[in-house]
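Undergrad: My questions all concern the structure below.
What follows is calculated from the coordinates using simple rules that are stated; it is not laboratory data. This is a predicted model, so every value here is computed, not measured. Cβ sites come from the backbone with ideal geometry, for glycine too, and all protein chains shown count toward neighbours.
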Amino acid sequence: MKIGFIIHSQSGNTLSVAHKLMDQLNIQGHDVVLTHIKDEDVNNSMQHPERLVTVVEEVKSNVDVLFIGGWVQAFSLCRGLNHYINHQLNIQAKETHLFLTHHFPFEWMGGTNAMKQLSKHVLMKGHVVKTTKIFNWSRKNNQHHIKQWVDSMLTQLKALD
Ligand SMILES: Cc1cc2nc3c(=O)[nH]c(=O)nc-3n(C[C@H](O)[C@H](O)[C@H](O)COP(=O)(O)O)c2cc1C
């Protein structure tokens, strides 16, 4: 299957989650493509969300499965990904999975609100959102949760093959 990842990541947390799943999907022989974007503004001032840097751009046409990953910025969806989805997301997928990373240990400390925003924007682009996941980075067992998510995604994707 062709599996795409569109990831907004400034300091690498969100990208690291994507890579854990991508590594396994590559081992299984899938055609995995990544687009990694980040804000031009390294100080995260939130002034110009439209000023995006494209680090890697491989997701250029429709895919079977799409993962969109971002992070929580001031209790909301990071502005850069918000802008990208509304203005630049122009591919479709049979199904789309969403995930977010944030610092705090509980989802209600920003993650839940940001995920609502992300889901809404992606649905408005005509995507079928299959799953959503929030990673609470300062929780002790965060890495365990990432592994569990990777395993559950691999199981779900196997059923599509
Ligand atoms: C400007 C700024 C605002 C942030 N606001 C929040 C927040 O409201 N809630 C939260 O839990 N984490 C917040 N964080 C932490 C990030 O969401 C977290 O570190 C995330 O994993 C970063 O993802 P990245 O490494 O992929 O860029 C903020 C970080 C920055 C730089």
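Undergrad: Rounded to the nearest angstrom and ordered from largest down, what semi-axes does the equivalent ellipsoid of the stretch 48-116 get from its C-alpha gyration tensor (root of 5λ)?
TA: For the stretch 48-116, the semi-axes come out at 23, 15, 10 Å.
Undergrad: If you find the alpha carbon centre of the stretch 1-51 and of the stretch 52-95, how far apart are they in angstrom?
TA: When both Cα centres are located, 8 Å separates them.
Undergrad: To continue, here is another question. Ranked by Cβ crowding within 10 angstrom, fewest neighbours first, how are V59, V150, V42 ordered?
TA: V42, V150, V59
Undergrad: Moving to a separate point now. Restricting to bridges with both residues inside the chain, how much of the DSSP beta-bridge set is antiparallel, in percent to the nearest 5? Don't jump to the answer; show the numbers that get you there.
TA: Numbers: 7 of 34 bridges.
Looking only at bridges with both residues in the chain, the antiparallel portion is about 20 percent.
Undergrad: Strictly greater than 18 Å: what percent of every Cα pair in the stretch 1-83 meets that?
TA: Everything past 18 Å amounts to 41 percent.
Undergrad: Follow-up. According to the Kirkwood expression over distinct Cα-Cα pairs, how big is the hydrodynamic radius of the chain, in Å?
TA: 15.6
Undergrad: Another question, if that's okay. So how long is each side of the stretch 68-161 along the principal axes, counting just the alpha-carbon atoms, biggest first, in Å?
TA: Projected onto the principal axes, the Cα atoms of the stretch 68-161 cover 37, 35, 16 Å.
Undergrad: Follow-up. Report the relative contact order of the chain, percent, no decimals, based on alpha-carbon pairs under 8 angstrom and at least 6 residues apart. Could the numbers behind the result be given before it?
TA: Numbers: 292 pairs, mean separation 34.1, N = 161.
Normalised by residue count, the contact order of the chain is 21 percent.
Undergrad: First check a/c for the stretch 44-88, with a ≥ b ≥ c the square roots of the eigenvalues of its C-alpha gyration tensor; if it is under 1.5, answer rounded, and if not, answer prolate when a/b is larger than b/c or oblate otherwise.
TA: Taking the square roots of the gyration eigenvalues as a ≥ b ≥ c, the stretch 44-88 is prolate.
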